[in-house]
Amino acid sequence: MVTFVRVAELGSFSAAADLLGITPSAASRQVKRLEQEIGVQLLQRTTRQLRLTEPGAEAFARCRELVTAAQGAMDIGAQFARTPAGRVRLSAPKAFARRVLHPHLLDFLRAYPEVDVQLIVADRDIDPIREGVDLVVRLTTAPPEGLVARRLMAVEHLLCATPAYLARHAAITHPHDLRAHSCLSLGEHARDHHWRFRKEGEDEVEVVVDGRYVCNHSEMRLDGALADLGVACVPAFTAREALDDGRVVRVLPDWTLQGTYQGHAWLMYPPSRYLPPKCRVLVEHLLGALAGSGYSSAGAKGTRGATAHMSS
């Protein structure tokens, strides 16, 4: 049943075999044996993909519940351990991991010498159940259903540029002034160069911008700004150090940048009646650290909803 669940989740005998530490042929034999025991075909096999049959989908849902329950039974020893111990696998987007999480993880490792952390830095959405990750961080307006979500901090985007760039170019006192400037944008979607602004007492303003450097990574856009290439749109956490030491200054600080790339950083994990102590102490450490970090206010309320993913 475990093999069947992993094959169905990953859509591949070879991927499931790698995860389970067996050969693909052994994984195939185990699924065939389960089909013989149940008396129905669970998977439709083609040269390109695997697909659950109708009875296979029903069996998958029930088998997954059993696998989750079995894993919970195996974790009982950890649940009642007095001292948190073991390895926690945590994934997070690259810029957020480097700029926000990394310093707090070093503090955590000093505070909990029996707990190890494996930080997986990746901008793609990692499924904690399929990929065996304990905790995942996502930047989104709403976390997905099926996971416990703890709100770490708000994520705000802002505009910044170097004093040298601003000294050589026309003043920027209104969003419309950006039309005369090189603006460093994300470039993942057609409207990423349409910047919308809001200011109290003013009508919302939309400006179509252009620039010499378009990049879908926030740290690289900041590097572009630091190279005097123009005005960059970046998350506040990415620009914080450069703003603090004066290498860049905020552009249009009285205006709020609107758009898809706003929301919160969420710390998420699969639902379970008991969260292992090693994970629980890391969750509480990050919630506490970011609540007082000065990045933004943080919350700790679990939430479910439709995902609207934000790129780094």
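The values are calculated or read from the model by the stated rules, or taken from the named source; none is laboratory data. Not measured: the values here are computed from a predicted model. Glycine also receives a Cβ, built like all others from the backbone with ideal geometry; neighbour counts cover every protein chain displayed. Note: accessible area is taken over every heavy atom of the protein model, side chains too, but ligands, DNA and RNA are not part of it. Shrake-Rupley method; radii C 1.70, N 1.55, O 1.52, S 1.80 Å.
Within the range 7-49, the set of residues being under 30 Å from the mean Cα position of the chain (by Cα), open to solvent by less than 70 Å² (accessible area, probe 1.4 Å) and either in contact (Cβ under 8 Å) with a residue 24 or more places away in the chain or more than 23 Å from Gln71 (Cβ to Cβ) (or both) comprises Val7, Ala8, Glu9, Leu10, Gly11, Ser12, Phe13.
For the residues Arg191, Arg221, Arg240, the requirement of being within 20 Å of the chain's Cα centre (by Cα), within 28 Å of Arg151 (Cβ to Cβ) and without any contact (Cβ under 8 Å) to a residue 40 or more places away in the chain singles out Arg221. Thr83 - would you say it is open to solvent by 50 Å² or more (accessible area, probe 1.4 Å), farther than 30 Å from Ala15 by Cβ and within 12 Å of the chain's Cα centre (by Cα)? In short, no. Filtered by the rule that a residue be more than 30 Å from Pro270 (Cα to Cα), in contact with a helix residue (DSSP H, G or I) (Cβ under 7 Å, 6 or more places away or on another chain) and open to solvent by 50 Å² or more (accessible area, probe 1.4 Å), the range 143-170 gives a lone residue, Ala170. Among the conditions (1) free of Cβ contacts under 8 Å to residues at least 40 places away in the same chain; (2) more than 23 Å from Arg240 (Cβ to Cβ), the only one that Asp125 does not satisfy is (1). For the range 93-113, the candidate set comprises residues that are assigned to a loop (DSSP other than H, G, I, E, B) and in contact (Cβ under 8 Å) with a residue 40 or more places away in the chain; within that set, the residue that is most open to solvent (accessible area, probe 1.4 Å) is Tyr112.
Applying the condition of being modelled with pLDDT of 90 or more and touching a helix residue (DSSP H, G or I) at 6+ places or on another chain (Cβ under 8 Å) to the range 80-94 and asking which residue is farthest from Asp116 (Cα to Cα) yields Lys94. When Tyr165, Tyr112 are checked against the criterion of being in contact with a Pro (Cβ under 8 Å, 6 or more places away or on another chain) and aromatic (Phe, Trp, Tyr), Tyr112 stands alone in meeting it.
Taken together, the criteria exclude Gly77 from residues that are modelled with pLDDT of 90 or more and assigned to a helix (DSSP H, G or I).
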